[in-house]
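Notes follow the structure.
The values are calculated or read from the model by the stated rules, or taken from the named source; none is laboratory data. All values reported here derive from a predicted model rather than from experimental measurement. Here the Cβ positions follow ideal geometry from the backbone for every residue, glycine too, while neighbour counts run over all protein chains shown. The area values use the complete protein model at the heavy-atom level, side chains included, leaving out ligands, DNA and RNA. Shrake-Rupley method; radii C 1.70, N 1.55, O 1.52, S 1.80 Å.
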Amino acid sequence: MNDYLETTKAVYKKAAETPDVGLCCTTTPVWQLPDLEMPKIMLDMNYGCGSTVNPRDLVNNPTILYVGVGGGMELLQFSYFNRNKGGVIGVDVVDEMLTASANNFKVAETLNPWFQSDFITLKKGDALQLPIEDNSIDVAAQNCLFNIFKEEELKQALKEMFRVLKPHGRLVLSDPICDQDMPEALKNDDTLRALCLSGSLPLNDYIKMITDIGFGTIEIRAKRPYRILSPNHYDTAENIYIESVEVCAIKDPMPVDGPCVFTGKSAIYYGTEEYFDDHNGHVLMPNQPLAICDKTAGALAALNRDDLFISPSTYFYDGGGCC
Ligand SMILES: C[S@@+](CC[C@H](N)C(=O)[O-])C[C@H]1O[C@@H](n2cnc3c(N)ncnc32)[C@H](O)[C@@H]1O
């Protein structure tokens, strides 16, 4: 029944042994940081579809967990922000990928005098059963792995991330999403799924899976074009447009009225009073945008005032806000 998980392992065993430059191509720029020199082999083995590294998450030497290591590029970027032995833990289920990334860290050592391979601890393990203690991680990340999982496994993988994170810890995810109906034939094609092409969920379903696990705050940090599955190449009657998203899910307590999901909306008060106060924690100064979550956007819009503007979602939320 879970043959697709075995197919996935086989696909990434091959991708570990023979780098496949086009496997998960992305338009996300690779971080340029002072004194960080990225080995070419890591760029060739960049099998992600966005970035999970954000300096805002990485203050005070956080303990970082990265699941699905690939060629190790993001682990090297994370270790830039925690230069302690074992500060970054990488988990992967494919032996060959663990070996390839360990070799790549040795190359990284020769190019980056500040870097030591032992900043990173590699562990063999499955995203569905992490070899990590409860409440021990500040920042957990996965890039382009969870989209491969079917619903039951995705739920389990998210539960595992929630379990290992400390309270207020952050899960950073990068995955393809698709707001059209993915044809069944494609969804059930194990190889396409393993290649991150046909497992994508609609954005709202993806976010709901995450909030249902208990993450109280969600930030949608980026949304970018990813792929077209066209009838001349795939078993589909129409073009299927896939995007990639970068999401941060914070293990904040769940608010009684539901999660705060920031999609990049802001409210602007343009009335004649000194300020506008919704008596629910949001004070708007005249003509100054306040970033708000979708729940607050809905509540403010429901007031039907003609002196409040609610901007549409940008899907590029970058911090600040109401909750
Ligand atoms: C699409 S690649 C992404 C690699 C890396 N995150 C990146 O951005 O380049 C998926 C990674 O997940 C690993 N993987 C596949 N199934 C896994 C599982 N069940 N648990 C942990 N890792 C898994 C693969 O070996 C591979 O390293």
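Which of the residue pairs Lys187/Lys251; Lys223/Lys295; Lys40/Lys187; Lys9/Lys40; Lys14/Lys150 have a Cα-Cα distance greater than 26 Å in the structure shown?
Too far apart for the 26 Å limit: Lys187/Lys251; Lys40/Lys187.
Just need the relative contact order of the range 115-226 here, percent rounded to a whole number, with Cα pairs under 8 Å and 6+ apart.
The value is 26 percent.
Cut-off under 17 Å on the C-alpha distance; same-chain residues fewer than 8 positions from Lys166 excluded. Which aspartates and glutamates are left, in chain and number order?
List returned: Asp57, Glu133, Asp134, Asp138, Asp252.
What's the center-to-center distance, using Cα atoms, between the range 69-147 and the range 20-46 in Å?
Result: 15 Å between the Cα centres.
In the chain, carbon and sulfur make up what percent of the accessible area (probe 1.4 Å)?
Of the solvent-accessible surface of the chain, carbon and sulfur hold 51 percent.
Taking 8 Å as the Cα distance limit and 6 or more residues as the minimum spacing, I'd like the relative contact order of the chain as a percentage.
The value is 15 percent.
Indicate, rounded to the nearest 5 percent, the antiparallel portion of the DSSP beta bridges found entirely in the chain.
For the chain, the DSSP antiparallel bridge percentage is about 55.
Magnitude of the Cβ-charge dipole of the range 135-271, K/R +1 and D/E -1, about the Cα centre, nearest 20 debye?
Value, rounded to 20: 540 debye.
For the chain, set up a Gaussian network in which alpha carbons nearer than 10 Å are linked by springs, and say which option among Gly271, Gly258, Gly214 fluctuates the most.
Largest GNM mean-square fluctuation: Gly271.
Where is the GNM fluctuation largest for the chain (alpha-carbon springs, 10 angstrom cutoff): Ser117, Ser174, Ser230?
Comparing Ser117, Ser174, Ser230 in the GNM, the peak value goes to Ser230.
Quick one: which of 109-115, 313-319 comes out on top by average Cβ neighbours within 10 Å, and what's the full order, highest first?
Answer by packing, highest mean first, reads 313-319, 109-115.
Rank-order 263-269, 122-128 by packing density, defined as the average count of other C-beta atoms within 10 Å over each peptide's residues, highest first.
263-269, 122-128
Taking the Cα centre of the chain as the origin and placing charges on Cβ (Lys, Arg +1; Asp, Glu -1), which of Thr26, Phe119, Ile268 is farthest toward the positive end of the dipole?
Value: Phe119.
Taking the simple approach of a point 7 Å from Cα along Cα-to-Cβ for both Thr314 and Thr191, what is their distance in nm?
4.2
Excluding same-chain residues fewer than 8 positions from Lys124, which aspartates and glutamates have a Cα within less than 14 Å of its Cα?
Output for Lys124: Asp92, Asp95, Glu96.
About its Cα centre, how strong a charge dipole does the chain have in debye, to the nearest 20, once Lys and Arg get +1 and Asp and Glu get -1 at the Cβ?
660
Can you give the accessible area per residue of the chain, in Å², using a 1.4 Å probe?
Computed with neighbouring chains in place, this is 46 Å² per residue.
Probe 1.4 Å, all protein chains in place: accessible area of His168 in Å², nearest 10?
Its accessible surface works out to 110 Å², give or take rounding.
Among Ala291, Ala185, Ala140, which one moves the most in a GNM of the chain with springs linking Cα atoms closer than 10 Å?
Top of the fluctuation ranking is Ala185.
How much length, in nm to one decimal, is gained on full extension between Ile228 and Arg305, taken as 0.36 nm per residue of separation minus their Cα-Cα distance?
Length gained, Ile228 through Arg305: 23.6 nm.
So, by mean Cβ neighbours within 10 angstrom, what's the order for 192-203, 50-61, 66-77 with the highest one leading?
Packing proxy ranking, top to bottom: 66-77, 192-203, 50-61.
Quickly estimate the mean residue ellipticity at 222 nm for the chain, helices only: each DSSP H run with n ≥ 4 gives -39500 (n - 2.57), and the total goes over all residues, rounded to 500.
-8000 deg cm²/dmol
Roughly how far apart, in whole Å, are the Cα centres of the range 152-206 and the range 227-275?
15
Would you mind checking the tilt of helix 203-213 against the longest principal axis of the Cα atoms of the chain, expressed as 0 to 90 degrees and rounded to 10?
That works out to roughly 90 degrees.
Exactly which GluC sites (Glu not before Pro) in the range 112-175 are in a DSSP loop and have at most 15 other Cβ atoms within 10 Å?
Glu133
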